[in-house]
1. Could you list, in sequence order, the residues of the range 62-74 that are more than 10 Å from the ligand (Cβ to nearest atom) and at positive phi?
2. Taking the range 117-149, which residues are among the polar types (S, T, N, Q) and surrounded by fewer than 16 Cβ atoms within 10 Å (Cβ to Cβ)?
3. Are any residues in the range 166-196 under 19 Å from PRO226 (Cβ atoms), of a type outside the set (A, V, I, L, M) and in contact with a Leu (Cβ under 7 Å, 6 or more places away or on another chain), and if so, which ones?
4. Kindly evaluate ASP219 against the criterion of being farther than 22 Å from SER269 by Cα and not assigned by TED's automatic domain parsing to the domain that holds ASP86.
5. Among (1) crowded, with 21+ Cβ neighbours inside 10 Å; (2) among the β-branched types (Val, Ile, Thr); (3) not assigned by TED's automatic domain parsing to the domain that holds ASP288, which single condition is VAL181 missing?
6. Which of the residues spanning the range 158-178 are of a type in the set (Lys, Arg) and surrounded by 13 or more Cβ atoms within 10 Å (Cβ to Cβ)?
7. Go over the candidates VAL263, VAL192 one by one and state the one that is in contact with a strand residue (DSSP E or B) (Cβ under 6 Å, 6 or more places away or on another chain) and closer than 30 Å to LEU149 by Cα.
Amino acid sequence: MKKVAALAGGVGGAKMLVGLSRAASPENLTAVVNTGDDANLYGVHISPDVDIVTYWLAGIADTARGWGIRGDTFGAVEGLRSLGVDTWFGLGDRDFGTCLYRTERMHSGATLTTVTQEICTSLRVATRVLPMTDEMVRTKIVTDDGRVLDFQEYFVKERTRPEVAEINIEAGGPRRPGPDVLAAVGDADAVVLCPSNPFLSIDPILSLAGVRDALRAHDNVVAVTPIVRGGALKGPADRLLKRLAGEASASAVARYYGDLIDVFVVDASDGDEVAKVNALGLRCLELDTIMRNHDASELLAREILSA
Ligand code: FO1
């Protein structure tokens with residue numbers, strides 16, 4: 001069985017990880033997850049990408065909505081609203097429980113990596129879920145009208161409507177990856193860059209010391225396109241690519257990753273992108289990248305791992 005490390009964030013990342021955990025077996029998979037979206041709201045530390053990935057792997061995610069737990073209620077947030085709190089961020093009650101647990105444990109000195117492992121053990125997630133770092137690294141969005149927004153303000157409160165001038169990844173100290181991140185990449189037979197947003201989900205991971213070098217040193221790094229026929233399946237990746245890389249296409253994503261990757265997966269409907277990807281010196285696979293359900297995710301993962 002192959003050992004796989006996958007860099008992930010958001011729903012595209014969660015879907016790919018479900019497929020990889022089925023194809024490679026959960027014990028052989030390590031997920032390195034973006035924490036640039038983390039936020040402190042309602043008195044708790046919310047780690048949306050880590051939680052989305054964990055809930056999807058645990059089989060308890062609200063897969064229609066993408067985030068949160070299936071069947072969750074929103075009583076706590078409703079209670080806060082009735083007290084006059086601006087509850088623009090919808091945190092479900094069970095999800096609140098996860099965040100309370102994390103906050104309490106971190107107040108007593110546990111790292112985000114340790115707490116995530118504890119939550120995964122309790123939810124019977126055998127895949128190793130590694131937050132990208134235990135340090136404070138936050139994605140900030142600079143808008144055309146000159147405001148600097150926290151990630152969740154941009155994504156949820158303002159529904160990604162503002163035009164983005166710049167994305168800054170800010171750190172309060174050294175940008176060290178989490179304790180096992182570089183080893184997981186180095187030990188893997190295959191490293192997968194999930195079809196997550198390159199700017200918002202993958203870049204924060206790439207910004208950590210040693211990650212880019214570890215990818216360059218690896219000879220089997222496979223990136224899966226988050227762009228199909230010029231559009232993003234979910235979220236603002238297409239608009240951001242147009243704005244920050246000049247063009248929204250699969251090959252523009254491949255060009256953006258450049259020498260970090262060896263193989264790039266385009267969607268089977270994007271055949272005219274293959275020559276452009278090959279021209280970058282990359283091997284190109286044409287596969288069905290639209291993960292409509294867990295079986296489709298597994299099939300995509302099997303094809304990636306056997307190519
Ligand atoms: N996304 C929304 O669009 N609206 C929400 O109210 C919201 C709440 C939320 C709570 C917990 C959580 O783990 C994720 C949540 N998300 C919500 C998703 C999240 O904002 C983004 O999907 C990620 O940060 C981007 O990957």
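The values are calculated or read from the model by the stated rules, or taken from the named source; none is laboratory data. Here the structure is a predicted model, which means the values were calculated and not measured. As a convention, Cβ positions derive from the backbone with ideal geometry for all residues, glycine included, and neighbour counts pool all protein chains shown.
1. GLY71
2. Within the range 117-149, the subset among the polar types (S, T, N, Q) is 117, 121-122, 127, 133, 139, 143.
Result: THR121, SER122.
3. Of the residues in the range 166-196, the ones under 19 Å from PRO226 (Cβ atoms) are 167, 169, 190-196.
Next, only the ones that are of a type outside the set (A, V, I, L, M) stay: 194-196.
CYS194, the sole residue that qualifies.
4. Details: farther than 22 Å from SER269 by Cα: yes; not assigned by TED's automatic domain parsing to the domain that holds ASP86: no.
For ASP219, the condition - farther than 22 Å from SER269 by Cα and not assigned by TED's automatic domain parsing to the domain that holds ASP86 - is not met.
5. Among (1) crowded, with 21+ Cβ neighbours inside 10 Å; (2) among the β-branched types (Val, Ile, Thr); (3) not assigned by TED's automatic domain parsing to the domain that holds ASP288, VAL181 violates only (3).
6. The first filter runs over the range 158-178 and keeps only residues of a type in the set (Lys, Arg), leaving 159, 161, 175-176.
Across the range 158-178, the qualifying residues are ARG175, ARG176.
7. VAL192
Matching residues to (1) in contact with a Lys or Arg (Cβ under 8 Å, 6 or more places away or on another chain); (2) closer than 26 Å to TRP67 by Cβ; (3) at pLDDT 95 or above:
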position	(1), (2), (3)
ALA188	yes, no, yes
VAL192	no, yes, yes
VAL221	no, no, yes
LEU240	no, yes, yes
